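I have placed the structure first, in the form of structure tokens, so that the comments after it can refer back to it.
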Amino acid sequence: MKGRAFWLSMVAALVAGLLLTHFIDNDYYFNALYVILQGTVMAVAWNILGGFTGYVNFGSAGFFAVGAYTSIALGKAFGQDFPLPIMIMAAALVCGLIGLGLGYLTLRLKGVYFSIATLAMAIVFETLMNNWAYVGGARGAYILTPDSHLWFNSYIEMLFVLMLLLTLGSIAISRALNASRLGRGLAAIRDDEVAAECAGVPTLKLKLISATIMGAMMGVAGAPYPYFVTFVDPASAFSLFVAVNAIAMPMIGGTAHWIGPVIGALLVGTAQQVITVTVSSELNVLFVGIMLVVFISMAPQGIVGLVQKFRARRAR
Amino acid sequence: MLSVDLFANAIVAGLLLGGFYAAVSIGLAITFGQLDIVNIAHPAFVVAGSYAAYILNSEFGLDPVLIGLLMAPLFFFVGIAIYRVYYAAFERTGQESLSGLAFFFGLMFIIEVLLIMAYGVDYRLVSAPYIGQSIDIGFVGLPYRMLVPFGVAAALTAGIYLYLSRTFMGRAILAVAQDRLALQLMGADPVKIKQFAFGLAIATTAIAGSLLIIIGPVEPSLGRQYIGRAFAIVVLGGMGSIPGMAIAALLIGVVETMVATFMGPSWSPAVSFGVLLLTLALRPSGLFGRK
């Protein structure tokens with residue numbers, strides 16, 4: 001996508017979102033859209049390390065939940081009216097540092113160790129939150145949503161527009177990274193790390209940068225979550241489903257290009273909402289798992305790869 | 001206050017638990033340590049083994065350990081089938097690092113969700129005459145629900161160790177880990193050997209699963225806690241060394257029980273993951289690995 005077309009479609013998405021809040025009154029749609037957008041931020045974030053660099057993060061739910069718990073802790077400390085944007089920035093800082101720390105410990109090893117370490121990280125933080133009574137411990141915490149919702153009709157509409165802004169922001173960052181010098185370095189690492197290192201790519205530094213951005217972005221996705229669900233306990237915040245979605249969406253959409261996770265997240269997210277409403281939420285969970293396995297075994301380049309293959313064949 | 005009998009009980013209980021952990025980890029020591037296949041779904045297969053034990057136990061009243069042994073051949077063929085898919089889709093094309101990992105992650109997820117859909121999220125348990133009994137030696141109590149898994153796990157670990165070091169096929173598995181090309185030049189087919197070894201590893205999960213449900217009730221997502229334990233044990237044990245794995249399993253079992261006794265059971269899940277993170281950061285070759 002060319003620069004101008006990209007920014008035009010970003011603005012169009014934002015305007016469409018604002019128009020929706022104007023014309024639709026049913027809160028259910030904003031709930032559903034919020035979940036889809038939250039999944040999109042997570043997928044885009046996962047792809048920055050997983051897709052661009054080739055290091056698989058299984059602990060997405062850990063970053064997400066730590067972001068959510070950062071908001072809860074700040075809300076407990078400074079009252080429920082503490083401004084949400086500051087909470088989001090705090091969550092980005094905390095989760096970015098966790099990403100950096102985890103990367104520093106394990107990104108020098110084989111990729112597999114990083115993956116296992118991310119799983120470990122998620123469980124360690126889940127145990128910490130289970131034992132930290134201040135944020136509710138294992139029993140969970142109730143969050144009162146603030147009374148004010150700016151000029152929107154309801155609080156959920158405001159959260160939806162907020163999440164839309166965060167989504168568009170993360171897509172813009174991901175696109176800029178993909179095209180930048182840094183992004184080319186990351187692609188070189190994915191294709192052949194040793195060759196990249198020999199060619200003068202500072203592999204560890206680039207990996208650490210992308211791990212930090214990934215962590216921060218996932219924290220951002222988690223920060224408004226307590227205000228969305230109003231009750232958070234470790235079991236739901238650290239849910240494996242969050243982690244599976246964060247992997248499945250980019251894998252299904254295609255990992256090499258920045259648009260892949262966006263396509264995957266919108267498709268899978270929408271399908272999930274439809275299945276949850278029409279069939280059952282368990283089937284929806286199974287659907288993601290099976291889609292993930294089918295896509296990585298049959299179409300490892302995802303939907304973007306399939307489209308590229310189709311175009312190449314037609315050009316010939 | 002640190003009392004002697006509490007301490008002694010914790011050590012003994014930890015050793016028994018660690019012995020059971022060896023049974024959970026031994027299959028992973030083969031797949032992850034020897035074959036270089038990162039089977040994250042390994043603990044999910046263990047839980048599937050537990051459910052097999054639960055079904056046959058409640059239907060026919062069979063002994064759980066016996067069920068584990070009966071189910072092992074079935075699990076062996078399931079393992080072979082999965083390795084074939086894995087080989088055809090990822091290993092042959094050299095994509096095992098990224099896609100292979102995600103494949104097993106998805107597989108784990110599917111197993112868990114299928115179990116939830118079929119049996120719900122309730123805890124399931126088995127009945128056997130020895131569950132609930134215990135023998136007391138001095139002030140140390142030895143419950144049979146820990147002793148039996150420990151004994152079976154010890155036999156399983158010893159059996160696999162002897163098999164790998166003494167038999168032709170076992171040595172071939174070790175050889176495929178060391179030098180795949182050399183094995184090919186000797187006229188053996190590394191893919192067939194890996195397929196057999198992967199089947200063997202999944203077969204051990206049938207037995208480990210029956211032990212898991214003897215120790216306590218099982219629910220579908222229990223496997224997740226064992227991901228960290230099993231990987232911590234295999235990495236700490238030096239990647240594929242069976243004696244190293246057994247010692248690491250006992251160590252983790254003791255440390256976990258100590259933490260549960262003196263700090264509270266809600267902290268024990270973090271132990272193995274903490275150990276894993278520390279091992280990866282400080283000594284990735286493990287306690288007994290070659291440098």
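The values are calculated or read from the model by the stated rules, or taken from the named source; none is laboratory data. Nothing here was measured: the structure is a model prediction, and the numbers come from that model. Glycine also receives a Cβ, built like all others from the backbone with ideal geometry; neighbour counts cover every protein chain displayed. Keep in mind that these areas ignore ligands, DNA and RNA; they rest on the heavy atoms of the full protein, side chains included. Shrake-Rupley method; radii C 1.70, N 1.55, O 1.52, S 1.80 Å.
Observations on the model:
- Enumeration of residues in region B:187-226 that are open to solvent by 10 Å² or more (accessible area, probe 1.4 Å) and of a type in the set (Ser, Thr, Tyr): B:221, B:226
- Single unsatisfied condition, residue B:229 versus (1) farther than 16 Å from residue B:17 by Cβ; (2) part of a helix (DSSP H, G or I); (3) open to solvent by 10 Å² or more (accessible area, probe 1.4 Å): (1)
- Per the listing A:276, A:212, the residue uniquely at pLDDT 85 or above, open to solvent by 10 Å² or more (accessible area, probe 1.4 Å) and more than 13 Å from chain B (Cβ to nearest Cβ) is A:212.
- Only listed residue being among the small types (Gly, Ala, Ser), touching a Gly at 6+ places or on another chain (Cβ under 9 Å) and more than 18 Å from residue B:108 (Cβ to Cβ), chosen from B:19, B:49: B:19
- Flag for residue A:142 being loosely packed, with under 15 Cβ neighbours inside 10 Å and in contact with a strand residue (DSSP E or B) (Cβ under 8 Å, 6 or more places away or on another chain): yes
- All conditions in (1) more than 18 Å from residue A:293 (Cβ to Cβ); (2) within 11 Å of another protein chain (Cβ to nearest Cβ); (3) buried (at least 22 other Cβ atoms within 10 Å of the Cβ) hold for residue B:121, with the sole exception of (3).
- Sole exception among (1) in contact with a Pro (Cβ under 6 Å, 6 or more places away or on another chain); (2) within 14 Å of chain A (Cβ to nearest Cβ) for residue B:224, by number: (1)
- Looking only at residues of region B:124-137 that are of a type outside the set (Ser, Thr, Tyr) and free of Cβ contacts under 8 Å to residues at least 24 places away in the same chain, we find that the one that is farthest from the other protein chains (Cβ to nearest Cβ) is B:129.
- Residue check for residue B:180: in contact (Cβ under 8 Å) with a residue 24 or more places away in the chain and basic (Lys, Arg): no
- In the set (1) open to solvent by less than 40 Å² (accessible area, probe 1.4 Å); (2) without any contact (Cβ under 8 Å) to a residue 60 or more places away in the chain; (3) within 27 Å of residue A:33 (Cα to Cα), the condition left unmet by residue A:159 is number (2).
- Any chance residue B:245 is in contact with a helix residue (DSSP H, G or I) (Cβ under 7 Å, 6 or more places away or on another chain), assigned to a loop (DSSP other than H, G, I, E, B) and closer than 26 Å to residue A:118 by Cβ: no
- All of (1) closer than 30 Å to residue B:235 by Cα; (2) within 18 Å of the chain's Cα centre (by Cα); (3) open to solvent by 30 Å² or more (accessible area, probe 1.4 Å) hold for residue A:121 with one exception: (3).
- Residues being more than 7 Å from chain A (Cβ to nearest Cβ) and assigned to a helix (DSSP H, G or I) - total across region B:267-284: 7
- Test set (1) within 12 Å of chain B (Cβ to nearest Cβ); (2) buried (at least 18 other Cβ atoms within 10 Å of the Cβ); (3) in contact with a helix residue (DSSP H, G or I) (Cβ under 6 Å, 6 or more places away or on another chain) - residue A:240 fails condition number: (3)
- Conditions (1) part of a helix (DSSP H, G or I); (2) at pLDDT below 85; number of the one not met by residue A:201: (1)
- Top-ranked residue of region B:93-118 - restricted to ones that are open to solvent by less than 20 Å² (accessible area, probe 1.4 Å) and facing chain A (nearest Cβ under 7 Å), ranked as nearest to residue A:52 (Cα to Cα): B:99
- Among residues of region A:72-94 that are free of Cβ contacts under 8 Å to residues at least 24 places away in the same chain, those with a beta-carbon under 8 Å from a residue that is not in a helix (DSSP H, G or I) at least six positions away or on a different chain give the pairs A:74/A:82.
- The residues on offer are A:290, A:296, A:275, A:259, and the sole one that is under 13 Å from residue A:43 (Cβ atoms) and of a type in the set (Val, Ile, Thr) is A:259.
- For residue A:234, the conditions (1) modelled with pLDDT of 90 or more; (2) open to solvent by less than 10 Å² (accessible area, probe 1.4 Å) all hold with the exception of (1).
Residue-by-condition table, conditions (1) surrounded by fewer than 20 Cβ atoms within 10 Å (Cβ to Cβ); (2) within 16 Å of residue A:239 (Cβ to Cβ); (3) of a type in the set (Asp, Glu):
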position	(1), (2), (3)
A:33	no, no, no
A:38	no, yes, no
A:62	no, yes, no
A:66	no, yes, no
A:69	no, yes, no
A:81	yes, no, yes
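- Candidates are the residues of region A:57-106 that are among the polar types (S, T, N, Q) and within 14 Å of the chain's Cα centre (by Cα); the one that is modelled with the lowest pLDDT is A:57.
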